[in-house]
1. I want to confirm something. Restricting to the stretch 54-95 and keeping residues that are surrounded by 11 or more Cβ atoms within 10 Å (Cβ to Cβ) and among the basic types (Lys, Arg), which single residue is farthest from the chain's Cα centre (by Cα)?
2. Where residues in the stretch 566-591 are of a type outside the set (Ser, Thr, Tyr) and not in a helix (DSSP H, G or I), which of them is modelled with the lowest pLDDT?
3. Return only the number of the condition from (1) at pLDDT below 65; (2) more than 22 Å from Glu492 (Cβ to Cβ); (3) not acidic (Asp, Glu) that Ala178 does not satisfy.
4. With the structure loaded, tell me whether Ser478 is buried (at least 21 other Cβ atoms within 10 Å of the Cβ), polar (S, T, N, Q) and touching a helix residue (DSSP H, G or I) at 6+ places or on another chain (Cβ under 7 Å) or whether it fails that test.
5. Being closer than 26 Å to Phe267 by Cβ, small (Gly, Ala, Ser) and at pLDDT below 90 narrows it down to one residue among Ser552, Ser563; which is it?
6. Assuming Trp427 fulfils every condition listed in (1) at pLDDT 85 or above; (2) surrounded by fewer than 21 Cβ atoms within 10 Å (Cβ to Cβ) apart from one, which condition is it?
7. Would you check which residues across the stretch 286-312 are surrounded by fewer than 22 Cβ atoms within 10 Å (Cβ to Cβ), out of contact with any Asp or Glu (no Cβ under 7 Å at 6 or more places or on another chain) and not in a strand (DSSP E or B) and list them?
8. Against the definition (touching a residue at least 60 places away in the same chain (Cβ under 8 Å) and closer than 30 Å to Glu494 by Cα), how does Val321 come out, yes or no?
Amino acid sequence: MVEISDNPDDDVRKTSSEALRNESEASENARREEGRENDIEESQFDPNKMRKTKPGVKRLLLSLSVLLSFLFGLPFLLKSVEIYRSPLPFQDIDLLSREIESEPILFPCRFQAVFINSDAKTHSSDHAQKLGFSISDHMRELVGDHIRVCGTCGSNFTVSVTMQSKASCITNQNFDTACFWQCGSVKDSDFDVDLKNDELVDEFLASVLVGGEKCSYSTGKVYSVVVLNTDGEIKAVVGKHRHGWILGKISEANAVKTIAEVFVKVFINGGKEEGSIHGEFMPVGADGRVVLSFNLLNADPRDWIYDWDFHSVDETLLAPVIEALEPIADISVESQILYHTPKSFFSYWDDKRGSYIFNTKDLPFFVNSNEWHLDTSVAAGGRSKILHIVIYIPSAKECPLLLQLPNGEISMTNGFISPMWGGVIVWNSSNCPRTSGSKHPIRHTIPFEDLKKVIEVFLGQLRQLFGLQSNGVYVGASDRVNLLASERGFTEWELDVLSRQHTCFNLLSCVTTLGSLSRLIQSLPRMIIMDEIGKQVKFSLQAANFAQNNASVGIYQSSAVSSRQSRALAEDAFYHSSIMSISYYSFEHWFAVYSPFFLPVSLHVILAAIKEWRRYKRERSKYMAWKAIEKVKS
């Protein structure tokens with residue numbers, strides 16, 4: 001049964017309470033539902049793998065900015081410790097070395113043989129050509145295995161033949177005729193000169209063969225041998241210029257052999273068996289300079305004191321020699337007088353010769369380095385070659401003092417040489433019978449004529465130091481050849497030989513030095529290379545190229561000068577003071593010096609930047625994982 005209330009307000013209140021109760025239950029249910037959803041969401045969120053906020057970049061930017069500041073400062077650090085290296089032409093050095101070492105320098109040589117008063121029946125171009133071929137074949141046989149020896153002509157030569165008689169003149173020359181024998185320039189009456197006087201014949205032929213001298217700067221010098229068919233004994237002579245002659249009744253076959261031997265053994269090789277010059281007999285310094293240090297030694301001034309007029313000797317006797325050798329070496333002269341300079345061994349008295357004797361076994365002990373203070377000037381230092389020329393005046397106790405040769409004979413020069421050091425000449429005073437130990441020694445001056453003889457001996461020693469003979473005779477397989485001596489100490493053809501040999505030696509030394517410098521610089525990347533070194537290397541290469549070009553056309557003296565300059569510049573570059581300093585070092589040394597200052601801080605900065613970068617990547621991956629879950633829900 002349903003009760004119906006009579007009061008309407010009670011119904012309203014019941015309805016309101018029910019509505020409120022329903023709303024409360026609905027909100028409670030919503031909260032419960034939301035709680036259940038939150039519980040489910042919280043159960044899916046892992047704080048170790050996800051995060052709801054985006055990671056900040058301030059710490060990362062701060063770490064990277066510190067690292068970048070170090071990286072940007074690194075070029076300034078490297079620039080501050082940079083080693084200056086002037087660029088060097090390494091490829092040009094290697095190219096020049098390969099050219100000179102693989103292909104020896106062979107100078108062009110031009111020869112001519114002139115037959116005067118030969119049989120007119122044999123005069124023909126074919127016969128002259130045949131004689132030219134015959135001489136060339138004999139020359140090749142004489143050259144033999146030395147065909148590629150540097151500093152010689154090898155097979156780079158030409159031979160011209162001229163046959164002149166009263167009736168005709170035939171030649172096979174195919175070159176500039178102005179450089180060779182001019183047909184008709186000499187008549188039989190022109191040979192009225194005394195043929196026994198070699199000096200007159202030499203000067204006469206020099207006036208006739210002047211054409212070869214005029215052409216000596218075009219395509220090479222011309223060397224000549226004139227065969228004069230006359231009655232009498234056969235004689236072969238080589239003059240002071242660039243020619244020789246053969247006199248007498250000689251057959252063409254023998255003349256051809258003698259001519260070929262003179263061309264090869266004398267004009268090409270300089271009278272030596274080999275054509276090259278050896279370094280141990282190279283009396284020229286690396287800088288192309290030679291210092292001739294003349295020393296007058298008074299062994300005991302209590303006996304006598306000798307002086308000399310060296311100024312006159314220098315001007316009249318030495319100046320022509322220095323001028324002749326100028327293309328080969330820059331020669332300077334010094335002189336001094338020393339006293340109390342005994343030798344370091346005892347000589348013995350020879351009653352038969354009436355003199356004191358020392359032999360070749362005593363030569364190594366003759367130079368007394370303890371008593372002989374052979375000082376030179378400051379200008380003679382460096383890489384200049386110093387040749388000591390000692391004029392030794394013995395004391396009265398051992399005067400006269402003579403040198404005995406191994407064959408028992410007394411030396412004509414009374415002197416000897418020491419390769420790469422110089423020479424010693426013993427000069428005996430005319431006052432040898434004087435009693436030694438005088439309280440008042442008399443001062444003397446060596447007569448100029450005696451000084452001339454001493455200088456002649458010195459020139460012979462200097463020639464030996466340069467590798468030339470001084471006996472004036474060349475004994476060959478076919479004949480004996482007399483060699484005339486020049487007043488300058490060196491004939492023109494001898495100077496040509498020295499120019500060719502020294503050109504070759506200097507160029508080989510130049511490329512060896514430049515090659516060593518190139519390998520040294522490339523092996524030490526921290527070595528300082530100044531601009532001066534670069535210029536010296538550049539100029540050295542240019543001078544070497546000039547020497548090669550001059551040698552290829554037969555300009556001997558110019559090639560010798562250029563080669564000397566190239567060698568001197570290469571030596572200057574190799575021994576430059578900056579290279580010899582301690583201001584260059586290896587990369588390991590540089591790292592060891594600077595790492596204590598920068599490595600600790602740099603290492604911490606790099607590690608901090610790496611750590612911060614890894615942290616940022618890790619936190620960002622967490623945030624991206626949470627974002628992926630949110631994207632799936634939505």
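The values are calculated or read from the model by the stated rules, or taken from the named source; none is laboratory data. Keep in mind the model is a prediction, meaning the values are calculated, not measured. Neighbour counts are summed over all protein chains in view; Cβ atoms, including those assigned to glycine, are modelled from backbone coordinates with ideal geometry.
1. Lys54
2. Result: Ile582.
3. Among (1) at pLDDT below 65; (2) more than 22 Å from Glu492 (Cβ to Cβ); (3) not acidic (Asp, Glu), Ala178 violates only (2).
4. no
5. Values: Ser563 fails: at pLDDT below 90.
After applying the criteria, what remains is Ser552.
6. Only one criterion in (1) at pLDDT 85 or above; (2) surrounded by fewer than 21 Cβ atoms within 10 Å (Cβ to Cβ) is unmet by Trp427, namely (2).
7. Correct list: Asp300, Pro301, Arg302, Trp308, Asp309, Phe310, His311, Ser312.
8. Answer is yes for this residue.
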